[in-house]
2 protein chains.
Amino acid sequence: MKKLKRSARLVEMTQYLMSNPHTLIPLTTFAERYGAAKSSISEDLGIIKEVCESEGTGELLTLAGAAGGVKFIPKCSKERALELIEELCNELQQPDRMLPGGYYYLTDILGQPGLMNEIGRMFASVFADHEIDCVMTVETKGIPIAYATAAHLNLPVVLVRRDHVVTEGSAVSINYVSGSQKSIHTMTLARRALKERSRVLVVDDFMRAGGTINGMIELLKEFNATVAGVGVLVESKDVTNDERLLHDYVSLMRVGTIDTRTRQMSVKPGNLFDKNMEFGTEEA
Amino acid sequence: MKKLKRSARLVEMTQYLMSNPHTLIPLTTFAERYGAAKSSISEDLGIIKEVCESEGTGELLTLAGAAGGVKFIPKCSKERALELIEELCNELQQPDRMLPGGYYYLTDILGQPGLMNEIGRMFASVFADHEIDCVMTVETKGIPIAYATAAHLNLPVVLVRRDHVVTEGSAVSINYVSGSQKSIHTMTLARRALKERSRVLVVDDFMRAGGTINGMIELLKEFNATVAGVGVLVESKDVTNDERLLHDYVSLMRVGTIDTRTRQMSVKPGNLFDKNMEFGTEEA
């Protein structure tokens, strides 16, 4: 136990709460840690709560009673999210991102941990009130998004492999049809990687028709698990409604049809920013 | 500009600094943000600095002069690191982690973002004073470690692929020999993924003889890039000194020879915890 002044206590509690999101912390933990009265701790939490809520960085939930305590829920205000996404849309519209065959270079964006952290915070904000047991993605590019989202939600990540990897023990494989390329692929998940009846948030970096995500949803059925939500960083509008395999998802950006001759394309904020899309409860 | 009381300012500054590690922030940024005198901001930073240093969560560097400001360097005290690593060693010694063929189940450990975050903080602590331009790993399992490390160092991640992926443009491939399995593999890096003459921190989840990491080092030469350091979560001692391809690295854990019959093995803290291994400058 160490005695700290209020100012030092506030700094330490802020660090502690930010490092332990979505975790119930009994007030006695703080009271004992700092040798302070619960009433002082409550006052401190009031100050932190006010700052988080006015900044839109998160909510501080207080649960009363013997099993009570405080829980920090990281959030991102819609305003701040839109600002960041609009910057990113501009960046993605650069013609030098176009690769032969209508492919699209996203790797440098996905390689920025700070940015991925913000993206994860957006998804964590959207899905904060859903009952979720884990965050799932398929290798490789969705991995940083899955980890960033899961970190803010304090959940484990379940990683679907594209091959059967010998180091994971017995596994379930399924074949799925990529909706846009009409080709058949395999994905595999280790038996011990996912508990039966889990509620799973599925995320990925890019979605055209939704074949890959649909594949993951098929795989979930093999584990009697259910989809708690779907989030994609970029969705392509270069697909007809008939071709689209998935309709219930949250996207942060939308790319239009790519003109491979003029290398022109448009990138706009995704359906998260449509009308009354739910976005946590916090606004700066 | 918003006027905030010191208590609220401390909470907000702490959040801001934690969200922007290894980033120089001019004092005027804070002064203008809060409509406070620079002297008050300096006092606030003094309080934050004291808490970070006594907790071992980081250092707050103050750079004087016109181009000056403050920089938060996340750290992990050696004491705290050892505590966490010893817990993890215990966890990894469980016999049900053994898979047929002497393989080893690490996936659930790697699937915990909070834990990966702590692991990344340890590497960021060790390599905080090195000149590094980016963190590199090869897909798949090292990815969360690379992102967590890079996030704390405020650096981009460069991901080496095991196949040539069409969506990344022109690329360099090399073949390398896995030292333990004596088999030949390929790894590929997109030309635009790494700038020439970069200084690169290489990380991975597991190392036996070091063939995979050596492969990455070979690949770096193709980009005239250099190795700024190597970090692995687990090293296997199940290799002779002659077989070992790499000698200069930091490991957090060491596994001994696995007895496939009794399923017994030992897992111990890695060379980071040996004698006078450098570990940032902070101790709680």
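What follows is calculated from the coordinates using simple rules that are stated; it is not laboratory data. Keep in mind the model is a prediction, meaning the values are calculated, not measured. Quick reminder, even Gly has a Cβ in these numbers, built from the backbone with ideal geometry, and neighbours come from all protein chains shown.
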Open item on the list: Using the Cα centre of the stretch A:1-65 as the reference point, and only Cβ charges (+1 on K/R, -1 on D/E), how large is the resulting charge dipole? Debye, rounded to the nearest 20.
Closed with: 420 debye
Task: Rounded to the nearest 20 debye, dipole of the protein assembly as shown from Cβ charges on Lys, Arg, Asp, Glu - done: 80 debye
TODO: Amide H neighbours of residue B:99 under 5 Å, at least 5 residues apart or on other chains, H built in the peptide plane: list them.
DONE: B:104, B:105
Open item on the list: At 1.002 mPa s and 20 °C, plugging the Kirkwood radius over alpha-carbon pairs of chain A into Stokes-Einstein gives what diffusion coefficient in µm²/s?
Closed with: 104 µm²/s
- [ ] Quote the relative contact order of chain A in percent (integer), defining contacts as alpha-carbon pairs under 8 Å separated by 6+ residues.
- [x] 17 percent
TODO: Could you work out how far helix A:143-153 tilts from the main Cα principal axis of chain A, as a 0 to 90 degree angle to the nearest 10?
DONE: 30 degrees
- [ ] For the stretch A:6-74, just run the numbers: alpha carbon Rg, then divide by 2.2 N^0.38 Å, N being how many residues it has.
- [x] 1.00
Open item on the list: What does the structure give for A:152-158 when I average, per residue, the other chain Cβ atoms found within 10 Å of the residue Cβ?
Closed with: 4
- [ ] Loop only per DSSP, at most 13 neighbouring Cβ atoms within 10 Å: give me the trypsin sites (Lys or Arg not before Pro) in the stretch A:1-74, ordered by residue number.
- [x] A:2, A:3, A:5
- [ ] Quick one: which residues, 5+ away or cross-chain, put their amide H under 5 Å from the amide H of residue A:254? H built at 1.01 Å from N.
- [x] A:235, A:268, A:270
Task: Dipole magnitude (debye, nearest 20) for chain A, charges at Cβ of Lys, Arg, Asp, Glu - done: 680 debye
- [ ] With θ set to phi - 60°, apply the Karplus curve 6.51 cos²θ - 1.76 cosθ + 1.60 along the stretch A:233-241 and write out the HN-Hα couplings as whole Hz, x wherever there is a Gly or Pro.
- [x] 5, 10, 10, 9, 8, 7, 7, 7, 4
TODO: Can you run the Rg to Rh ratio on the protein assembly as shown? Use alpha carbon positions and the Kirkwood inverse-distance Rh.
DONE: 0.95
Task: C-alpha long axis of helix B:211-222 to longest principal axis of chain B, angle in ° - done: 60 degrees
- [ ] Would you mind checking the tilt of helix A:113-126 against the longest principal axis of the Cα atoms of chain A, expressed as 0 to 90 degrees and rounded to 10?
- [x] 80 degrees
Task: FRET E, pair residue B:261, residue B:108, Förster distance 25 Å, beta-carbon r, rounded to 0.05 - done: 0.55
Open item on the list: Please report the projected area of the stretch A:173-235's Cα convex hull averaged over all directions, in nm².
Closed with: 4.0 nm²
Open item on the list: Based on the alpha carbons, how large is the Rg to Rh ratio for the stretch B:90-183 when Rh follows Kirkwood?
Closed with: 1.02
Open item on the list: Considering only C-alpha atoms, what is the centroid distance from the stretch A:123-201 to the stretch B:219-246, in Å?
Closed with: 30 Å
TODO: DSSP loop (so not H, G, I, E, B), at most 11 other Cβ within 10 Å: list which GluC sites (Glu not before Pro) in the stretch A:94-189 pass both filters.
DONE: A:131
Task: Pairs of alpha carbons in the stretch B:43-122 whose separation is greater than 22 Å (percent) - done: 46 percent
- [ ] Quick one: order B:220, A:63, B:189 by neighbouring beta-carbon count within 10 Å, fewest to most.
- [x] A:63, B:220, B:189
Open item on the list: Can you pull out the trypsin sites (Lys or Arg not before Pro) in the stretch A:112-200 whose DSSP state is coil and whose Cβ has at most 16 other Cβ atoms within 10 Å?
Closed with: A:162, A:182, A:195, A:197
